[in-house]
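What follows is a single structure, written as structure tokens, with notes after it.
The values are calculated or read from the model by the stated rules, or taken from the named source; none is laboratory data. What you see is a predicted model; the values in this text were computed from it and never measured. Glycine also receives a Cβ, built like all others from the backbone with ideal geometry; neighbour counts cover every protein chain displayed. The area values use the complete protein model at the heavy-atom level, side chains included, leaving out ligands, DNA and RNA. Shrake-Rupley method; radii C 1.70, N 1.55, O 1.52, S 1.80 Å.
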Amino acid sequence: MRPLLLLGLLVVPFLPIQAASPSGDQILRQMSDTLAAAKTFRFSATREIDGALLGLDSGPLKARVAILVQRPDRFAAVAEGKGGRREFIADGRALTLFEARPNFYSVVPMPATLDLLIARLDEKFGFTPPLAEFALSNPYRELRKDATTVTWLGRATVGGGFLGIGGVLCDRLSLQGPHADAELWIGVKDHLPRKLVATFKTFAEKPRLRVTFHHWDLAAKATPADFTFTPPKGAMKIEMWSVEKMRSATTR
């Protein structure tokens, strides 16, 4: 046997084997299972929405969002920004929406689980509470509904100081669909969402939604008072118009 051939036979078995990339779909399922297993949890986030996504000729709209979830049917969210303060409260029997700046509130009977409540709100009134997809019993199903592919992009750190020290190491996922493309960052150790950037391709301006998640607590404590709305002084109760009623009013 030739010496060079012998050397080749000796070296080949020791060449490093390249590891397969993690499954983006599996990582997304782990995140969904982690959230679904939490009975009562809370988190906060900073959210930035390009004005074009809301039909506005303005710059990005920023808000701080705080959310408390108690399965199967309680949800409380507060969003605060330059536009004022907005509250969403579901207590298992009704949904209350409060707008602080005009000091208006509406109450709609909604005896339903969170999944049904969010679906009915979207269908009848054309909106859902902020970041509601992460409060559903199966976030994976909701996120995959419009994502035709889920791809692992690698790992990076969210937050922290210099060079990301003290931050959270995350798996970066690309979710691509016909209407929007998104990049979702999920903690490697805790399987919790840490960052979301979505680009909406059906708009000429290609507007974006940017969310950074903070302060996850999957064993939060909650009381009935957390899901009870008390109208502030001078607040006026108004009717919440359905999409159908608004369309009817504009065609008259």
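Observations on the structure shown:
- Test: residue in the range 96-104 that is of a type in the set (S, T, Y), within 26 Å of P231 (Cβ to Cβ) and over 15 Å from the mean Cα position of the chain (by Cα): yes
To keep it simple, each residue is scored yes or no on (1) among the hydrophobic types (A, V, I, L, M, F, W, C); (2) in contact with a Ser or Thr (Cβ under 6 Å, 6 or more places away or on another chain); (3) touching a residue at least 24 places away in the same chain (Cβ under 8 Å).
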position	(1), (2), (3)
G154	no, no, no
V188	yes, no, yes
L192	yes, no, yes
L196	yes, no, no
F200	yes, no, yes
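- Complete set of residues in the range 217-246 that are acidic (D, E) and either open to solvent by 70 Å² or more (accessible area, probe 1.4 Å) or on the phi > 0 side of the Ramachandran plot (or both): E239, E244
- Every test in (1) touching a helix residue (DSSP H, G or I) at 6+ places or on another chain (Cβ under 9 Å); (2) surrounded by fewer than 18 Cβ atoms within 10 Å (Cβ to Cβ); (3) at pLDDT 95 or above is passed by L61 save one, and that test is (3).
- Those residues of the range 49-60 which are out of contact with any Leu (no Cβ under 7 Å at 6 or more places or on another chain) and either of a type in the set (D, E, K, R) or in contact (Cβ under 8 Å) with a residue 12 or more places away in the chain (or both), in sequence order: D50, A52, D57, P60
- A249 vs. criteria without any contact (Cβ under 8 Å) to a residue 40 or more places away in the chain, closer than 30 Å to N103 by Cβ, part of a helix (DSSP H, G or I) and open to solvent by less than 60 Å² (accessible area, probe 1.4 Å): yes
- Residues that are farther than 24 Å from T113 by Cα, free of Cβ contacts under 8 Å to residues at least 24 places away in the same chain and not polar (S, T, N, Q) do occur in the range 225-233.
- Taking the criterion of being open to solvent by less than 30 Å² (accessible area, probe 1.4 Å) and among the charged types (D, E, K, R), the only residue of the range 164-183 that qualifies is D171.
- Selection within the range 34-57 - surrounded by 14 or more Cβ atoms within 10 Å (Cβ to Cβ) and basic (K, R): R42, R47
- Among residues of the range 184-216, those that are assigned to a strand (DSSP E or B) and open to solvent by less than 70 Å² (accessible area, probe 1.4 Å), counted: 18
- Selection within the range 89-99 - under 10 Å from A235 (Cα atoms) and in contact (Cβ under 8 Å) with a residue 40 or more places away in the chain: F98
- Taken together, the criteria place V108 among residues that are in a strand (DSSP E or B), surrounded by fewer than 20 Cβ atoms within 10 Å (Cβ to Cβ), modelled with pLDDT of 95 or more and among the hydrophobic types (A, V, I, L, M, F, W, C).
- Taking the range 113-142 as the range and being modelled with pLDDT of 95 or more, open to solvent by 50 Å² or more (accessible area, probe 1.4 Å) and not in a helix (DSSP H, G or I) as the test, the residues that pass are T113, S137, N138.
- When the criteria are applied in full, S23 meets the requirement of being hydroxyl-bearing (S, T, Y), within 29 Å of R172 (Cβ to Cβ) and surrounded by fewer than 17 Cβ atoms within 10 Å (Cβ to Cβ).
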